[in-house]
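Right, one structure below, let's go through it.
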Amino acid sequence: MIQATGLTKVYGAKAAVDRIEFEVRPGVVTGFLGPNGAGKSTTMRMILGLDRPTAGRVTVGGRRYRDLPAPLREVGALLDAKAVHGGRTAYHHLRGLAAANGIARRRVEEVLDLVGLTEVADQRAGGFSLGMAQRLGIAAALLGDPGVLLFDEPVNGLDPEGIRWIRRLMRSLAAEGRTVFVSSHLMAEMALTAEQLLVIGRGRILADTTMTGFIAANASTHVKVRSPDLITLAPLLTARGWRTAPADRGSLLVYGVSPAQIGDLAHAARLRLHELAVIQPSLEDAFMRLTADSVEYHARSRDVA
């Protein structure tokens, strides 16, 4: 289990992480979500002892990471797939880690096979693609057969087969009773992988709940409306007090109303409808709604002709 109490990290006048408290429990995959600059990477670095908290504490199995007698055997982590000496082969990179932690040589061969790098084990890591580097980083995280695993953006650079593989791997590790903590910006993938969610924004915990509970609390079913008369229909929808949002060209999303209500309104106004589709709420919808006030970097939208 990973446990944080009053965990705080201040850089200058800014609190990157502000008195957060949470538990990451074994047996489930816990997703860690937040906008850029929310404090995710800083939190993970403090768990691993790479950054020292300004206040509070975070423990793994009741102890700080630096107090663990054999860290690699208890905690495996992938934070930066390219943090490897480019001149070393995949095998020798893992062999060096294994030797430093009293891990048998055969375990190196096992994890290389597990992540699909056996055939390139003698190639230098500096020539690896991002996807291959990710697999090597995952192998390093698994090397000590640890009970706690942290992955930061583990699917970066992976092809569709690799994405499916890492998803199944994380779920299988959790099913074995391990603690699996994973951060990602890919909402669709996170929805398929995690059962628990921890959401952070501007350094503070915004939600700590189940995946289904988070979506139910922060998103709702809505209706996609496509019409050649949308310019006339849209003001009629908002005049009823129904919340709308632009979708793709020629369509709107309408919240808190049924397709029948929209259809009746359009019929009464003699307006054409080409599509009325019920859209189920998604993790992305829930995340965007909850973190709207926590986004630090906003790009200007551009209308598409």
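Each reported figure results from applying straightforward, stated rules to the coordinates on display, with no laboratory input. Only a predicted model underlies this, so the values are computations on that prediction, with no experimental measurement involved. Positions of Cβ are generated from backbone atoms using ideal geometry, with glycine treated the same way; all protein chains shown enter the neighbour counts.
Please list, by residue number, everything in the stretch 57-91 whose backbone N is under 17 Å from a paramagnetic label point 7 Å out along Cα→Cβ of ARG124.
Within reach of a label on ARG124: 82-91.
Give me a comma-separated list of calculated 3J(HN,Hα) values for the stretch 101-108, in order, Karplus coefficients 6.51, -1.76, 1.60 applied at θ = phi - 60°, integers in Hz, x for any Gly or Pro.
Using θ = phi - 60°, the values come out as 10, x, 9, 5, 4, 4, 5, 4 Hz.
Amide H to amide H under 5 Å from SER227: which residues, 5+ apart in sequence or cross-chain, H placed 1.01 Å off N in plane?
HIS274
Determine which residues of the stretch 176-208 fall in the zone a paramagnetic label at ARG73 would reach in this model, i.e. backbone nitrogen under 19 Å from the point 7 Å along Cα→Cβ.
In the stretch 176-208, the label zone of ARG73 (backbone N under 19 Å from the point 7 Å along Cα→Cβ) covers 178-179.
I'm spelling it out carefully: the read-out is semi-axes √(5λ) of the Cα gyration tensor in Å, the candidates are (i) 44, 23, 17; (ii) 25, 21, 21; (iii) 28, 26, 18, and one was derived from this structure. Which label?
(i)
Show me, for the stretch 220-227, the HN-Hα J-couplings you get by feeding each phi into the Karplus relation (A = 6.51, B = -1.76, C = 1.60, θ = phi - 60°), rounded to Hz, glycine and proline as x.
Each residue of the stretch 220-227 in turn: 9, 4, 9, 10, 8, 10, 10, 8 Hz.
What residues qualify as long-range amide H neighbours of ALA247, i.e. H under 5 Å apart, gap of 5 or more or another chain, H built at 1.01 Å from N?
Result for ALA247 returns LEU252, LEU253.
What is the gain in length, in nm to one decimal, between THR209 and SER172 on full extension, counting 0.36 nm per residue of separation less the C-alpha to C-alpha distance?
Working it through step by step, the gained length comes to 11.2 nm.
To make sure I understand the rule: partners must be lysines, Cα under 21 Å from the Cα of LYS14, and not fewer than 8 residues away in the same chain. Which ones qualify?
Leaving aside lysines fewer than 8 places away in the same chain, those within reach of LYS14 are LYS40.
Given H placed on each backbone N at 1.01 Å, which residues far from ARG178 in sequence or on other chains put an amide H within less than 5 Å of it?
Long-range HN contacts for ARG178: GLY27.
Name the residue, out of THR30, THR210, THR193, whose mean-square fluctuation peaks in a Gaussian network model built on the chain with Cα pairs under 10 Å.
Looking only at THR30, THR210, THR193, the biggest GNM fluctuation is shown by THR210.
Cross-link candidates for LYS82: which aspartates and glutamates have Cα within less than 15 Å, leaving aside residues fewer than 8 places away along the same chain?
Straight-distance partners of LYS82: ASP152, GLU153.
Can you run phi through the Karplus equation (6.51, -1.76, 1.60; θ = phi - 60°) for the stretch 55-64 and list ³J(HN,Hα) in whole Hz, with x for Gly and Pro?
Result, rounded to whole Hz: 7, x, 8, 9, 10, 10, x, x, 10, 5.
Which GluC sites (Glu not before Pro) does the stretch 175-250 hold that lie in a coil by DSSP with at most 16 other beta carbons within 10 Å?
Taking the stretch 175-250 and a limit of 16 other Cβ atoms within 10 Å, the loop GluC sites (Glu not before Pro) found are GLU176, GLU195.
Could you work out which residue, out of GLY96, GLY31, GLY203, moves most in a Gaussian network model of the chain, that is, has the largest mean-square fluctuation with Cα springs under 10 Å?
Between GLY96, GLY31, GLY203, it is GLY96 that shows the largest mean-square fluctuation.
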